[in-house]
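Taken together, the values in this text are just the output of simple stated rules run on the coordinates, not laboratory data. Everything numeric in this text was worked out from a predicted model, so none of it was measured. Neighbour counts run over all protein chains shown; Cβ positions are idealised from the backbone, glycine included.
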Amino acid sequence: MNLTAKNNAWAGHPGAMMERNNVISEVRMNMKRISRLFGLAALMMLFAMPIFGQGGLWVAPPDSKEYKPTVAKNAESLKMGKDVYMKYCMLCHGEKGDGKGPSGASLPIPPADFTDKKRMAQSEGELAWKIVTGRGMMPAWEPVLSEPEIWSVIHFIKDFAK
Ligand code: HEC
């Protein structure tokens, strides 16, 4: 018997000792579980921040209204716009442009609904700025699409709100 055991109020009561040890290991396990939970929460916040941190209305800078389409809206550009849309945009924004594409539903911020007349009343220039710049899960299309492709897809998506 050592000194600590002698001075320990629990000493001499093997049942009590075992219970104490159980309590200690239980506390340790809970601490581990809690710190794991906190770690998980912190990790989740880290990932969510760039997405949720940018929520709310997406407003293009006022001078983007001055960008004017360099491609006329006609059958040819609408066809090009449709091709671009089906290839790059439909998965999120949906075949009907309603934001309900097969990959759109799982996103924390839903893809924009192009059938919304109020939303689509914005100028071509503002839409172009957003398509070029991107935000959160909306990719920046600058490196992927040419300028004629961008104006063509804008002509095409504007018609969802007709
Ligand atoms: C990976 C999914 C995804 C793809 C692919 C995608 N978008 Fe988006 N788009 C989004 C999301 C999500 C938003 C909403 C972003 C926000 O408000 O923060 C958005 C918003 C937009 C907006 C802004 C509308 C507004 O509210 O003013 C435009 C314009 C747009 N997308 C056009 C396109 C075009 C054109 C393509 C294809 C070239 C495309 N998107 C492809 C997810 C996507």
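Observations
- For the stretch 62-161, radius of gyration divided by Kirkwood radius, i.e. Rg to Rh on alpha-carbons: 0.93
- Calculated from backbone phi, Karplus (6.51, -1.76, 1.60) coupling profile of the stretch 107-118 in Hz, x at Gly/Pro: 7, x, 10, x, x, 4, 8, 7, 8, 6, 4, 5
- Reachable aspartates and glutamates from Lys79, criterion Cα separation under 13 angstrom, eight or more residues apart if same chain: Glu149, Asp159
- 11 Å beta-carbon shell around Trp129, net charge (K/R +1, D/E -1): -2
- Phi to ³J(HN,Hα) by Karplus 6.51 cos²θ - 1.76 cosθ + 1.60 over the stretch 56-63, Hz, x for Gly, Pro: x, 4, 9, 10, 6, x, x, 6
- Full extension of the chain between Ile109 and Lys79 yields a length gain of 7.9 nm, computed as 0.36 nm times the residue separation minus the alpha carbon distance.
- Members of Lys82/Lys117; Lys82/Lys162; Lys87/Lys117; Lys65/Lys118; Lys65/Lys96; Lys118/Lys158 lying beyond 21 Å, as alpha-carbon distances in this model show: Lys87/Lys117; Lys65/Lys96
- Ordering Leu145, Tyr88, Tyr67 by the projection of their Cα atoms onto the charge dipole of the stretch 46-151, which places +1 on the Cβ of Lys and Arg and -1 on the Cβ of Asp and Glu, puts Tyr88 at the extreme positive end.
- Our summary gives the stretch 70-162 a relative contact order of 36 percent, counting only alpha carbon pairs under 8 angstrom and 6 or more residues apart.
- Contour minus Cα-Cα distance for Asp159 and Val59 (0.36 nm per residue): 33.9 nm
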